[in-house]
1. Residue under question is I210, and the condition is that it be over 26 Å from A98 (Cα atoms), among the β-branched types (V, I, T) and buried (at least 17 other Cβ atoms within 10 Å of the Cβ); does it hold?
2. Being under 22 Å from L20 (Cα atoms) and either assigned to a strand (DSSP E or B) or basic (K, R) (or both) is the filter here; which residues of segment 147-162 pass it?
3. Only one of (1) within 11 Å of the ligand (Cβ to nearest atom); (2) farther than 19 Å from L75 by Cα; (3) charged (D, E, K, R) fails for E165. Which number is that?
4. Pick from segment 28-54 the residues that are more than 10 Å from the ligand (Cβ to nearest atom) and surrounded by 13 or more Cβ atoms within 10 Å (Cβ to Cβ): which of them is nearest to I101 (Cα to Cα)?
5. S264 fails exactly one of the following numbered conditions: (1) surrounded by fewer than 16 Cβ atoms within 10 Å (Cβ to Cβ); (2) under 30 Å from V106 (Cα atoms); (3) at pLDDT below 95. What is the number of that condition?
6. Under 7 Å by Cβ, and 6 or more places apart or on different chains, what pairs join a residue from segment 261-275 that is under 13 Å from S221 (Cβ atoms) and in a helix (DSSP H, G or I) with one that is of a type in the set (F, W, Y) and modelled with pLDDT of 95 or more?
7. With respect to A200, is the statement that it is out of contact with any Phe, Trp or Tyr (no Cβ under 6 Å at 6 or more places or on another chain), among the hydrophobic types (A, V, I, L, M, F, W, C), over 22 Å from D53 (Cα atoms) and not in a loop (DSSP other than H, G, I, E, B) true?
Amino acid sequence: MIPASFEYQSAKSLDEALRLLGRHGDEAKILAGGHSLLPMMKLRLAAPRYVIDIGHVKGLDYIREEGNQIAIGALATHAQVAASELLREKCPLLPETAAQIGDMQVRNRGTIGGSLAHADPAADYPASILALDAEMIVQSGSGKRTIRAAEFFVDLLQTEIGPGEILVEVRVPIRRVGEGMAYCKFHQPASGFATVGAAARVRISSDGKIGEIALGMTGVSSKPYRATAAEKALRGKKADSESIEAACAKAAQGVEPLSDIFASSEYRRAMAGVFARRAISAALARAGNHARIEEAEKPAARKSSNGKPAAKRTKGKRK
Ligand SMILES: Cc1cc2nc3c(=O)[nH]c(=O)nc-3n(C[C@H](O)[C@H](O)[C@H](O)COP(=O)(O)OP(=O)(O)OC[C@H]3O[C@@H](n4cnc5c(N)ncnc54)[C@H](O)[C@@H]3O)c2cc1C
């Protein structure tokens, strides 16, 4: 299909994009990777009079460490996020999520900022962004403000990004010792979108119980959400399969699951439980491994039973 006619404007800088957005107001739409906006325009579900392309703005596709967070520029593509060594090491949930988005072409063009700003109910990132308690930085002509993930998603295709604002950065926390994370999704077979997607972040406490847990869900209802009933049922509990199964039965508690040609409401509710369980189980296994690796890598702290520093452990072979 052919979109309604529009005027294309290519911004050379963020300031120029903000100026154009301020001038055209509601009649303008930002264009990033175009992999959601252009299909919407072709289906005439969106008909902006002005399209402001930020794809050529330099310096908005970084991924860098800042304090105890990783800062990701809004124009970082899904492929960049998936391949980032920094994220793989320090916040592996995001690359794991990005690697499951669409196909290679979509991942090479689509951006993290575009995906979050679009707020498709079947998009992958939102589940992980919620589980990570990420922060979104938006900028307008009058400055920047931070929106926490819990407040960011308002409803189907609606976010807290206000008129005249551009999403410029996403901030995610660096993984702590003993923390495990995983994203599991039920792919829609044609597009790859999440019919249901679950992102879990867990931390095992010193008594071996689940100390902290965050479970973000996408695809289930008109907006992504934190499955707080399931989280509450597991917090402080032993991580055994019965507790996980019982808690995950609550993964869609309090939400109205969508019903469409891909999945009925009942099926989505059931799959929410299944994929929440898979994500939590994978995150727990990784949490245990992460704690063990961190412990093994601490050199000075380890003492032998006679109080003297233990001999350095050699990796691999047991003696
Ligand atoms: C065939 C196909 C399969 C796909 N499969 C998946 C999938 O499996 N999982 C998934 O999550 N997604 C999937 N997508 C969507 C894809 O990830 C898009 O790239 C993404 O949703 C939008 O990013 P974009 O950069 O292309 O944004 P655009 O299409 O350029 O923009 C999307 C919307 O966000 C606004 N916008 C863009 N950037 C900003 C910004 N920085 N600040 C404010 N507003 C902004 C635009 O105005 C527009 O309204 C698929 C898309 C296609 C075409």
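The values are calculated or read from the model by the stated rules, or taken from the named source; none is laboratory data. It should be emphasised that the depicted structure is a prediction, and the values quoted were computed from it without experimental measurement. Cβ sites come from the backbone with ideal geometry, for glycine too, and all protein chains shown count toward neighbours.
1. Yes, satisfied.
2. Q158, T159
3. For E165, the exception is condition (2).
4. K42
5. So S264 meets the others, but not (3).
6. M271/F186
7. So A200 fits the description; yes.
Condition check ((1) in contact with a Gly (Cβ under 8 Å, 6 or more places away or on another chain); (2) buried (at least 18 other Cβ atoms within 10 Å of the Cβ)) across all residues:
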position	(1), (2)
Q139	no, yes
E151	no, no
L156	no, no
V168	yes, yes
Q188	no, no
